[in-house]
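Read the structure below first, then the notes.
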Amino acid sequence: MLFRSGKLILGMGLGLTLLVAACATAPYTGRRQVILESEGSDISTGNKTYEDLRCRNETCQDPAVNDLVTRVGSRLAAAADRPDYQWEFVVLKNDQETRAFCLPGGKAGIFTGVLRYTRSDADLATVLADRRALQSILDNLLSNALRYTPDEGEILLAAEEIKNFVQFSVRDTGRGIEAERLSTIFDRFNTFSERGSGLGLALARRLVESLGGQIAVESRLGHGSTFRFTLPVAVAQEVQHPVEVG
């Protein structure tokens, strides 16, 4: 998937697609998620959006693809632990759309355009996160990359699953960051340059950590920068019950 802005090419090197859901607690860490909307109205809106998507797009009848999405979606449902949700998984026929979705209330699925990038359970990763928080993180990192990369430069957005996390990276071929600034780059009011206040990176760190992840940067002046952050993969947590003996 490519986005072009002038001479700049943003390559989205995703070997996986993300189903993003707003859930109450991040797995493994137990941290509270960033919930930005009222839940009741969210579910109602989610159901209406889902019905609209179903009306505007045919349903894919390929049993292998449907089984894939159902398996991965079931991981999300188990990890979310929302018995009040009416979970439903669907594959919609639209080869131009490369989106996955998970709506409040448990309606989740993908468009067939996603299949250009992934065909396996491992690649179709599921992340527990608030969708608007994730968008804000990526917006901040990409805005910085666009600001400091020349027109002839290149920006790569990539993601890969590593153990129990998905690692996102935003790499650019811009001016880079001075070594002495790297240790405080995510601090509030850090001056990234004469054109930035650093508030965007501080917000990105706060959101990543609230979602149970970590964020870091690697950079050399004159050689560009790479920002990486992780989010936990949705995995059902085992619950151990005491066993009575005798």
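If you take the residues in the stretch 205-224 that are over 23 Å from GLU152 (Cβ atoms) and among the small types (Gly, Ala, Ser), which one is surrounded by the most Cβ atoms within 10 Å (Cβ to Cβ)? Among them, the one singled out is GLY213.
The sole residue among ASP81, ASP95 that is open to solvent by 20 Å² or more (accessible area, probe 1.4 Å), among the acidic types (Asp, Glu) and touching a helix residue (DSSP H, G or I) at 6+ places or on another chain (Cβ under 7 Å) is ASP95.
Taking strands (runs of 3 or more DSSP E) that do not extend beyond the stretch 102-215, which have at least 1 residues that are modelled with pLDDT under 85 and either aromatic (Phe, Trp, Tyr) or under 30 Å from SER44 (Cα atoms) (or both)?
By residue number, 126-128.
The values are calculated or read from the model by the stated rules, or taken from the named source; none is laboratory data. These figures come from a predicted structure and were not determined experimentally. Every residue, glycine as well, gets a Cβ built from its backbone with ideal geometry; the counts of neighbours run over all protein chains shown. Remember, those area values only see protein heavy atoms, side chains included, never the ligands or the DNA or RNA. Shrake-Rupley method; radii C 1.70, N 1.55, O 1.52, S 1.80 Å.
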